[in-house]
Amino acid sequence: MDNLIEKITTLNLGKVEENVLLSKYTTYKVGGKARAIVYPKNISSLTRLIKLLKSEEVTYKVIGNGSNLLFSEKKYDGIIIKLSEFDEIKFLNGNKIRVGAGYPLMKLSSLAAKKGLTGLEFASGIPGSVGGSVFMNAGAYKSDMGYIVKEVKVLTPDLKVITLENKEMNFHYRSSFLQKHPNFICLEVVIKLEKGNKQAIEEVIKERRKRRMESQPLEYPSAGSVFRNPTGMFAGEMIENLGLKGKKIGGAMVSKKHANFIINYKKATSNDIKKLIDLVHDEVLEKYKVDLKIEQEFVNWE
Ligand SMILES: Cc1cc2nc3c(=O)[nH]c(=O)nc-3n(C[C@H](O)[C@H](O)[C@H](O)COP(=O)(O)OP(=O)(O)OC[C@H]3O[C@@H](n4cnc5c(N)ncnc54)[C@H](O)[C@@H]3O)c2cc1C
């Protein structure tokens, strides 16, 4: 692995940070060490990096803002790839935006609002990157990325750059083509919005921010909703009805404010959070006979 890191540096494939604590790169603020994080500068360096990792049979994982991930405490003996440098943004023909996968979604939402473009208000409180949000088909308030993404430029597993149209992205509730094909990497997205009234858009964002502050435990580290809502039901409501709000394991707790959030309230470990997720899942299964599906992703637990 030392040789590999040296090669990445010598070949100038991106800035390298070695022996990093993943807790610094996830919104849960938990996770063990990773051998290195690499920040490729552009598509060419990313392509060369992946080629090298494949030829050396080294595991890798692309992450965005780590706001939907639960890494274990185990050392991640591979390379984490972060596309923060893919942050270019260009406004096209008035209501379209071409934006890099590393661009923060919340920043994009407020920029669109400033330009008087409507359609991204739902994203004003989602702390992900554009790439991670396309992967997850992140959404809120009955909207999601699938409504606004026109096309997605991706790197395929055989290292070709292709463009997928909205239809090909197969967006569904918290699901997309990328989730079903995790070896594709989102590079850039074209988003289509509508012209709107700047003041009205900013009002909606302000009102939703207030609602989030009131209903979500934003003062603690978390990764948002733990479970997907089953059709016609709310996971949070079922968890609350079982009296699980405030349930703790180690430093992890089912939020008292929002039952579908698990918070790291006091130096939780990844294990604390995972055990609490399992406990909630099993209680809901026992009492409601509903097998809740996890929205968050467990990484490096095998
Ligand atoms: C306080 C809070 C509130 C939240 N509210 C919401 C909400 O309202 N709605 C909602 O949907 N989610 C919400 N979330 C969850 C989370 O923010 C979203 O799922 C977000 O879209 C994840 O983006 P990310 O960049 O953090 O992805 P990460 O967590 O870093 O990664 C998620 C997955 O995407 C993959 N990925 C990341 N970037 C790329 C890329 N460029 N190409 C290919 N794959 C990639 C990763 O490999 C991983 O599998 C919330 C989270 C928090 C902490």
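Here, each number is a calculation from the coordinates, and none is a lab measurement. Keep in mind that this is a model prediction, so the values were computed, not measured. Positions of Cβ are backbone-derived with ideal geometry, glycine not excepted, and every protein chain shown enters the neighbour counts.
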Test: V152 is touching a Leu at 6+ places or on another chain (Cβ under 8 Å), within 11 Å of the ligand (Cβ to nearest atom) and in a strand (DSSP E or B): yes
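Counting only residues that are acidic (D, E) and touching a Pro at 6+ places or on another chain (Cβ under 8 Å), how many does the range 99-148 have? It would help to see each step written out before you state the result.
Within the range 99-148, the subset acidic (D, E) is 121, 144.
Right, trim to touching a Pro at 6+ places or on another chain (Cβ under 8 Å) and you get none.
Result for the range 99-148: 0.
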Qualifying residue in the range 181-201 (condition: away from the ligand (no atom under 11 Å from the Cβ), free of Cβ contacts under 8 Å to residues at least 60 places away in the same chain and touching a Phe, Trp or Tyr at 6+ places or on another chain (Cβ under 7 Å)): no
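What residue, of K96, K74, is more than 16 Å from the ligand (Cβ to nearest atom), of a type in the set (D, E, K, R) and under 22 Å from A138 (Cα atoms)? Give the steps one after another, and end with the answer.
Details: K74 fails: under 22 Å from A138 (Cα atoms).
Step by step, each of K96, K74 is checked, and only K96 is more than 16 Å from the ligand (Cβ to nearest atom), of a type in the set (D, E, K, R) and under 22 Å from A138 (Cα atoms).
Among the candidates L242, L218, which residue alone is in contact with a helix residue (DSSP H, G or I) (Cβ under 7 Å, 6 or more places away or on another chain) and closer than 20 Å to P127 by Cα?
Values: L242 fails: closer than 20 Å to P127 by Cα.
Checking each option against the conditions leaves just L218.
How many residues, within the range 158-180, are in contact (Cβ under 8 Å) with a residue 60 or more places away in the chain and either more than 12 Å from the ligand (Cβ to nearest atom) or within 30 Å of S55 (Cβ to Cβ) (or both)?
Here is the first cut: in the range 158-180, the residues in contact (Cβ under 8 Å) with a residue 60 or more places away in the chain are 159, 161, 174.
With either more than 12 Å from the ligand (Cβ to nearest atom) or within 30 Å of S55 (Cβ to Cβ) (or both) added as a condition, the list becomes 159, 161.
Count: 2.
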